[in-house]
Amino acid sequence: MTAIVEIVTGVMLVVGASFALVASVGLIRLKDVYMRMHAASKAGTLGSGVMLLALAVHASDLAVVTRAIAGVVFFLLTAPISAHLLAKAAYAAGYRPCADTKVDALAETVRPKG
C-alpha cells in the first residue's frame with residue numbers, strides 16, 4: 001500500500017510542478033499584464049493546489065491533511081478573485097491590453113458605443 005501512495009504522491013508532485021513551470025514560463029513570455037496575470041493565477045493555483053493535495057495524500061497525520069486541504073480551498077477562493085481585482089485596478093490605472101486582444105470588454109462598459 002505504501003508503494004502505491006508514494007507513486008501517486010510522486011505523480012501529483014510532478015504534475016503540480018509542471019503547472020507551476022508553465023505559470024512561470026507564462027509570466028516571462030506573455031505580452032501584457034493581463035495575460036501574465038491569467039497565467040499566474042490559473043496555472044499557478046492549479047500547480048500549488050495539486051502539490052498540496054500530494055502532501056495530503058502522503059501525510060499520515062490528520063492535522064496535516066486538514067491543513068493541506070484548507071490551503072487548497074484558500075488558493076481556489078483567493079487567487080482568481082485577487083487576479084480579477086488586480087486586472088480591474090490595472091485597467092483603471094491606464095494599462096490597456098496589447099494588440100493581440102481581440103475584444104476589450106471593459107472599454108465597452110467604460111465608454112459605451114452608440
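Checking Val22 against (1) outside any helix (DSSP H, G or I); (2) open to solvent by 60 Å² or more (accessible area, probe 1.4 Å); (3) in contact with a helix residue (DSSP H, G or I) (Cβ under 8 Å, 6 or more places away or on another chain), only one condition comes out false. Which one?
(1)
Do we find that Ala63 is free of Cβ contacts under 8 Å to residues at least 40 places away in the same chain, more than 21 Å from Lys88 (Cβ to Cβ) and of a type outside the set (Ser, Thr, Tyr) in this structure?
Working: free of Cβ contacts under 8 Å to residues at least 40 places away in the same chain: yes; more than 21 Å from Lys88 (Cβ to Cβ): yes; of a type outside the set (Ser, Thr, Tyr): yes.
The answer is yes for Ala63.
Enumerate the helices (runs of 4 or more DSSP H) found wholly within the stretch 32-114, keeping only those where 2 or more residues are open to solvent by 40 Å² or more (accessible area, probe 1.4 Å) and in contact with a Phe, Trp or Tyr (Cβ under 6 Å, 6 or more places away or on another chain).
Details: elements: 33-58, 62-92, 105-110.
Ranges flagged: 33-58.
Could you please tell me which pairs satisfy a Cβ distance under 8 Å, a separation of 6+ or placement on different chains, a first residue in the stretch 38-50 that is farther than 13 Å from Thr78 by Cβ, and a second residue that is of a type in the set (D, E, K, R)?
none
The values are calculated or read from the model by the stated rules, or taken from the named source; none is laboratory data. Only a predicted model underlies this, so the values are computations on that prediction, with no experimental measurement involved. When we count neighbours, we look across all protein chains shown, and the Cβ atoms used for this are built from the backbone with ideal geometry, even at glycine. Note: accessible area is taken over every heavy atom of the protein model, side chains too, but ligands, DNA and RNA are not part of it. Shrake-Rupley method; radii C 1.70, N 1.55, O 1.52, S 1.80 Å.
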